[in-house]
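Colleague: Dropping the structure in here first, questions after.
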Amino acid sequence: MARAGLLLDRDGVVNEDIGYLHRVEDCRFIDGVFDMVRAFADRAFAVAIVTNQSGIGRGLFGAEQFEHLMAWMRGEFERRGTRLDGVYHCPDHPTAGIGEFRRENPWRKPGPGMLLQAAADLELDLARSWCVGDRASDIAAGKAAGVGMLVRLDRENGSGLHQADGHWVAGSHAAIVQLLERHLAPGTEAPSSIGQP
């Protein structure tokens, strides 16, 4: 039976967005991200990162550096009692990519390709799944893939929750956990039916 998934952007959601992060020593996890992922994983959600990584296509770092960083990140989640079930990335950019990386790619958000691949690999019911990102392109990718719950993290907008333009806006990871608890509480509607305000 298909399960629900949590599809996370990386930079700006999991770690501070410093621009083309590719070294372990430069990674700073955002407060609350481990608790948030644990809250979803403990409720049997599969958890995957879906991230544009045009730094590879631009020649700023190599795929092996990305893979090394992500292996370390996965270990950090495991060390804190939770997990990442999958990592998907797109190295291409339609104008700034070098050589084979200069191309349109449906995996590059706002395209839905990475999310659809994660759904196929992890056997996800996208209508019951959640997409969390910090940019309009993340929300657009989730919508294009048919994800039921779309959440934009806006840490400059306080710590609460509100609805805007067909998705939720959360000021913190803790607010996303509150949203999860509210929507999965007995007597509430299923996430797939309330994802679109």
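Read-outs throughout are calculated quantities, based only on the coordinates presented, and are distinct from any laboratory measurement. All values reported here derive from a predicted model rather than from experimental measurement. When we count neighbours, we look across all protein chains shown, and the Cβ atoms used for this are built from the backbone with ideal geometry, even at glycine.
Colleague: Between the stretch 51-70 and the stretch 1-40, what's the alpha-carbon centroid distance in Å?
Modeller: After rounding, the separation between the Cα centres reads 16 Å.
Colleague: Distance from a point 7 Å along Cα→Cβ of Glu100 to each backbone N in the stretch 37-80: keep the residues under 19 Å and list them by number.
Modeller: Those under the cut-off are 53-68.
Colleague: Within the set of other residues whose C-beta is less than 9 Å from the C-beta of Asp92, count the net charge using Lys and Arg as +1 and Asp and Glu as -1.
Modeller: Details: positive: Arg102, Arg103, Arg108; negative: Glu100, Glu104.
The answer is +1.
Colleague: Sketch the reach of a paramagnetic label on Ala185 as a point 7 Å from Cα along Cα-to-Cβ, and name the residues of the stretch 34-53 whose backbone nitrogen lies under 16 Å away.
Modeller: Counting only backbone N, you get no residues.
Colleague: Further, regarding this structure: What does the highest-first list of 140-149, 81-90, 154-163 look like by mean Cβ count within 10 Å?
Modeller: Details: 140-149: 22.4, 81-90: 17.6, 154-163: 13.2.
With the highest mean Cβ count within 10 Å placed first, the list reads 140-149, 81-90, 154-163.
Colleague: Tell me the label-point distance for the pair Ala44, Asp125, using the 7 Å Cα-to-Cβ offset, in nm and rounded to one decimal.
Modeller: Result for the modelled spin labels: 1.0 nm.
Colleague: How high is the relative contact order of the chain, in percent, with contacts defined as C-alpha pairs under 8 Å that are six or more residues apart?
Modeller: Details: 393 pairs, mean separation 40.8, N = 197.
After rounding, I find 21 percent.
Colleague: OK, next. Tell me which label goes with the value of Cα extents along the principal axes in Å computed from the coordinates here: (1) 71, 44, 41; (2) 53, 36, 33; (3) 46, 36, 31.
Modeller: (2)
Colleague: Using the per-residue mean of other Cβ atoms lying within 10 Å as a proxy for protection, in what order, highest first, do the peptides 28-37, 128-137 fall? Intermediate values should be presented prior to the final figure.
Modeller: Details: 28-37: 17.5, 128-137: 22.2.
Descending packing order for the listed peptides: 128-137, 28-37.
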